[in-house]
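Q: The following block contains the structure, expressed as structure tokens.
The values are calculated or read from the model by the stated rules, or taken from the named source; none is laboratory data. In this text the structure is predicted, and so the values were computed from the model without any measurement. Backbone-built Cβ (ideal geometry, glycine too); neighbour counts: all protein chains shown. Accessible surface areas use protein heavy atoms only, side chains included; no ligands, DNA or RNA. Shrake-Rupley method; radii C 1.70, N 1.55, O 1.52, S 1.80 Å.
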Amino acid sequence: MNTDNLQIQIKTFFGLEQVLAEEVKKLGGKNVDVKNRAVTCEGDLGFLYKLNYSCRTALKILVPIMEFKAFNETKYYDKLYKFEWDQFLEPNQTFAIDATVNSERFSHSQFMTLKMKDAIVDYFQEKHKVRPNISKDNPDIKFHLHIDRELVSISLDSSGDPLFKRGYRKEQTVAPINEVLASGMLQLAGWDGKGNFLDPMCGSGTLLIEAAMIAMDLPAQTFRRNFAFQNWKNYDSELFKTIKEVRLNRVKEFTGKIVGYDIDYSALDVARANIESAEMEDVIEVRKQNFFDSEKDMFPLLIVFNPPYDERISINDDDFYKKIGDTFKQHYPNTLAWLISADLDAPKKIGLRPSRKIKLFNGKLETRFLQYEMYDGTKKVHKIKD
């Protein structure tokens, strides 16, 4: 593997590709190219470490190591068996394989994964007289198999556990939002740590913590202990240590306010536990407050939130969204507010015209991320006509 010029593929959620591309460029990625749910770029080994440690909207970071065409299972196995797997895997290490298969010729991803496992094990048995073991839960080395029609691509997974597992979440509520999605929403909303931030239905506090991390320029994986690249043969611990130190030296003080409301005591307890785990008690304030009874008390203010929705939490939908719109209009003048909703008719129920709509997915749920601009005085917010 040429570690001076790695080809790197970074996975993300649908709708966050441009946000991720901007992050990669700012971190120093070369030849950045936007794909579907992914961004590709080039960089050296240090840049790969930096991406894993700092990138907020990356789910998984892969390094392709082989590509070939196969028209039947025998050809597929033979190509894999002849590959020099001991470049990347020691006989005494464990491994696992993730697979994505989009092919009429090879339709069963589990079977193709099994054949790849057999080829790797047979290679080691033949060459080293040792069989490496599979570990699904905690493998030393993780391979990613991608089959698109006849094209087979094998990559090394440099991240290990998905990068939304930041390491600060100790507890969760019924419908927690994914950390990567939360950070992507905040960046789409333009949050840069200037001004004040409110999540009026904060649940387990994910948006609050991600907002604080952005405001302080704290690396996304500050609290994470392990990455898959630390088990690679070419792992440079001193280089990774230096990258972390340089990055942490850029952390800055935040002078604004980050506040979360919720009406549920148990949700607030969960949020406080996670905020404490992220060592952000001095930066984030949470309190029991019904958003519908609240008034704007921070200037300037950005609101971003994930209202509860019927798929996971039972609410009286029509009345609930109407109350959101009424609260925006009556109590939050001169405010920019964003909310994510799996109810695609939510804008009609809110009664205000969103100034922006962005299609995102919360898990498998298709959602809309909606922006509302409330003005005081002459430029009133636009109502939706019946």
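Q: Hey, what do the phi angles of segment 148-156 turn into as Karplus ³J(HN,Hα) couplings, whole Hz, using 6.51/-1.76/1.60 and θ = phi - 60°, x for Gly and Pro?
A: Coupling constants for segment 148-156: 10, 6, 9, 7, 10, 10, 10, 10, 8 Hz.
Q: Add +1 for every Lys or Arg and -1 for every Asp or Glu among the other residues with Cβ under 11 Å from the Cβ of Leu45, and state the total.
A: Counting the neighbours of Leu45, the net charge comes to -2.
Q: Select from segment 40-138 those GluC sites (Glu not before Pro) which occupy a DSSP coil region and have at most 13 other Cβ atoms within 10 Å, ordered by residue number.
A: Numbers: sites: Glu42, Glu67, Glu73, Glu84, Glu104, Glu126; in loops: Glu84, Glu104.
Filter output for segment 40-138: Glu84, Glu104.
Q: Here is a follow-up. Which far-off residues, 5 or more places away or on another chain, put their amide H under 5 Å from the one on Leu352, with H placed in the peptide plane?
A: Distant-sequence amide H within range of Leu352: Ile384.
Q: Among Lys25/Lys194; Lys136/Lys364; Lys115/Lys142; Lys115/Lys136; Lys322/Lys348, which pairs are too far apart, with a Cα-Cα distance over 18 Å?
A: Beyond 18 Å between Cα atoms: Lys25/Lys194; Lys136/Lys364.
Q: So if each residue of separation counts as 0.36 nm, and I subtract the Cα-Cα distance between Lys241 and Asp78, what length gain in nm does that give?
A: Contour length minus Cα-Cα distance gives 54.7 nm.
Q: Further question: With a 1.4 Å probe and all protein chains left in place, how much of the accessible area of segment 1-150 comes from carbon and sulfur atoms, in whole percent?
A: Solvent-exposed carbon and sulfur of segment 1-150 make up 42 percent of the total.
Q: Just how large is the dipole of segment 22-141 about the Cα centre, in debye to the nearest 20, putting +1 at every Lys and Arg Cβ and -1 at every Asp and Glu Cβ? Don't jump to the answer; show the numbers that get you there.
A: Values: 19 positive and 18 negative charges, 51 e Å.
So the dipole magnitude of segment 22-141 works out to roughly 240 debye.
Q: Moving on. Just want the answer: with Cβ charges of +1 for Lys and Arg and -1 for Asp and Glu, which residue in Ala267, Leu302, Asn249 is farthest toward the dipole's positive end in segment 242-315?
A: So the residue we want is Asn249.
Q: Please list, or write none, the lysines whose alpha carbon is within less than 24 Å of the alpha carbon of Lys30, excluding same-chain residues fewer than 8 places away.
A: Straight-distance partners of Lys30: Lys11, Lys50, Lys60, Lys241, Lys244.
Q: Send over the semi-axes of segment 1-105's equivalent ellipsoid, whole angstrom and largest first, taken as the square roots of 5 times the C-alpha gyration tensor eigenvalues.
A: 28, 18, 12
Q: Tally the DSSP beta bridges in the chain and give the antiparallel ones as a percent, rounded to 5.
A: Antiparallel bridges: around 65 percent, rounded to the nearest 5.
Q: Can you give the FRET efficiency to the nearest 0.05 for Thr3 and Glu279, using r as the Cβ-Cβ distance and R₀ = 35 Å?
A: Details: r = 34 Å, r/R0 = 0.96.
Computed FRET efficiency for Thr3 and Glu279: 0.55.
Q: Helix-only estimate, please: 222 nm mean residue ellipticity of the chain, summing -39500 (n - 2.57) across DSSP H runs of length 4 or more and dividing by its residues, to the nearest 500.
A: -9500 deg cm²/dmol
Q: Which of the listed residues, Leu218, Leu151, Thr327, is farthest toward the dipole's positive end in the chain, when Lys, Arg count +1 and Asp, Glu count -1 at the beta-carbon?
A: Value: Leu151.
Q: If you wrap the chain's Cα atoms in a convex hull and average its projection over all directions, what's the area in nm²?
A: Seen from a random direction, the Cα hull of the chain projects 21.1 nm² on average.
Q: Right, something else. Treating only the Cβ atoms of Lys and Arg (+1) and Asp and Glu (-1) as charged, compute the dipole magnitude of the chain about its Cα centre; round to the nearest 20 debye.
A: 680 debye
Q: For segment 232-282, which GluC sites (Glu not before Pro) are both in a DSSP coil and crowded by at most 10 other Cβ atoms within 10 Å?
A: Glu253
Q: With +1 on each Lys and Arg Cβ and -1 on each Asp and Glu Cβ, how big is the dipole of segment 128-237 about its Cα centre, in debye rounded to the nearest 20?
A: Its charge dipole is roughly 460 debye.
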